[in-house]
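The values are calculated or read from the model by the stated rules, or taken from the named source; none is laboratory data. Everything numeric in this text was worked out from a predicted model, so none of it was measured. Using ideal geometry, Cβ is built from the backbone for each residue, glycine included, and neighbour counts are taken over all protein chains shown.
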Amino acid sequence: MKVVALNGSPRLLGNTSTAISVVLDELNKNGIETEHIQVYESHISPCNHCNSCEIRGDGRCVIEDDNMNNYLDEIKLADGVVMASPVYFNSCTAQIKMFLERAGRVCQFGNFPLKDKIGAAIAIQEHSGGSNAYAELVNWMLCNQMVVVGSSPICIISPKISLEHEKSGDAVILKTVANNMTRQLLKRNL
Ligand SMILES: Cc1cc2nc3c(=O)[nH]c(=O)nc-3n(C[C@H](O)[C@H](O)[C@H](O)COP(=O)(O)O)c2cc1C
């Protein structure tokens with residue numbers, strides 16, 4: 001079983017990476033293989049509404065000079081997907097938004113290849129807008145007919161809290177998400 005995390009931060013070693021690492025480490029402890037993808041590394045282009053994905057319906061985007069199709073291939077092969085983004089002006093980042101729009105359109109016209117996969121979202125909020133960014137990521141997964149797991153409180157993480165503290169509230173939330181994902185994944189493989 002494998003879970004792929006998509007990181008929407010342009011900072012490769014930022015707070016989003018740290019939060020994702022907590023989730024992926026916990027998944028690893030539970031015996032699940034993981035991969036961490038930083039969408040910024042590929043400078044994903046925006047959707048140009050060419051409608052090729054609708055015409056071809058093959059689940060691929062016509063723009064082949066970035067890694068969007070490769071990332072999509074990775075999550076199509078995965079059993080679970082973690083979508084994570086820092087909050088930028090009360091929203092998720094432009095970097096991940098470009099992925100969401102391109103991949104979402106391609107999947108919509110490609111027979112929903114992510115349907116029934118287990119998803120989870122993480123938003124990193126310094127002061128405000130976390131609910132909005134979190135909802136954007138969750139809504140994208142729901143539009144793709146995925147099954148989204150959560151936590152209580154929901155996974156909106158503060159960059160100020162040290163995740164190294166095993167018992168910090170944020171670490172507990174992130175590990176809860178990982179364990180809820182694990183349980184759903186294991187149920188399917190009974
Ligand atoms: C352009 C920009 C806009 C931001 N807007 C918000 C915001 O609306 N709300 C908020 O809580 N934090 C905001 N932040 C702070 C980031 O969410 C915060 O620094 C976060 O930890 C960055 O994640 P990273 O370390 O993974 O890059 C903004 C940061 C930048 C660079």
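Output the residues belonging to the stretch 65-78 that are over 12 Å from ARG102 (Cα atoms), modelled with pLDDT of 95 or more and either touching a Lys or Arg at 6+ places or on another chain (Cβ under 7 Å) or surrounded by fewer than 18 Cβ atoms within 10 Å (Cβ to Cβ) (or both).
Within the stretch 65-78, ASN70, ASP73, GLU74, LYS76, LEU77, ALA78 meet the criteria.
Would you check which residues across the stretch 3-29 are surrounded by fewer than 16 Cβ atoms within 10 Å (Cβ to Cβ) and either within 21 Å of ARG60 (Cα to Cα) or away from the ligand (no atom under 16 Å from the Cβ) (or both) and list them?
ASP25, ASN28, LYS29
Assess whether GLY130 counts as being away from the ligand (no atom under 16 Å from the Cβ), surrounded by fewer than 24 Cβ atoms within 10 Å (Cβ to Cβ) and not hydrophobic (A, V, I, L, M, F, W, C).
It is false that GLY130 is away from the ligand (no atom under 16 Å from the Cβ), surrounded by fewer than 24 Cβ atoms within 10 Å (Cβ to Cβ) and not hydrophobic (A, V, I, L, M, F, W, C).
Which residues, counting only those in the stretch 64-92, are in a loop (DSSP other than H, G, I, E, B) and in contact (Cβ under 8 Å) with a residue 40 or more places away in the chain?
ALA78, ASP79, VAL87, PHE89, ASN90, CYS92
Please give the number of the condition GLN95 fails out of (1) in a loop (DSSP other than H, G, I, E, B); (2) in contact with a Pro (Cβ under 9 Å, 6 or more places away or on another chain); (3) over 30 Å from ARG188 (Cα atoms).
(1)
Across the stretch 78-115, which residue is nearest to the ligand (Cβ to nearest atom) among those that are out of contact with any strand residue (DSSP E or B) (no Cβ under 7 Å at 6 or more places or on another chain) and polar (S, T, N, Q)?
ASN90
Identify, by number, the condition in (1) farther than 29 Å from ASN111 by Cβ; (2) in a helix (DSSP H, G or I); (3) of a type in the set (A, V, I, L, M, F, W, C) that LEU13 doesn't meet.
It is condition (2) that LEU13 fails.
Being closer than 20 Å to LYS175 by Cβ and β-branched (Val, Ile, Thr) is the filter; apply it to the stretch 30-50 and report the residue that is nearest to the ligand (Cβ to nearest atom).
The residue in question is THR34.
Starting from residues that are under 14 Å from the mean Cα position of the chain (by Cα) and part of a loop (DSSP other than H, G, I, E, B), keep the ones in the stretch 98-117 and report whichever is farthest from GLY59 (Cα to Cα).
Per the stated criteria, the residue is LYS117.
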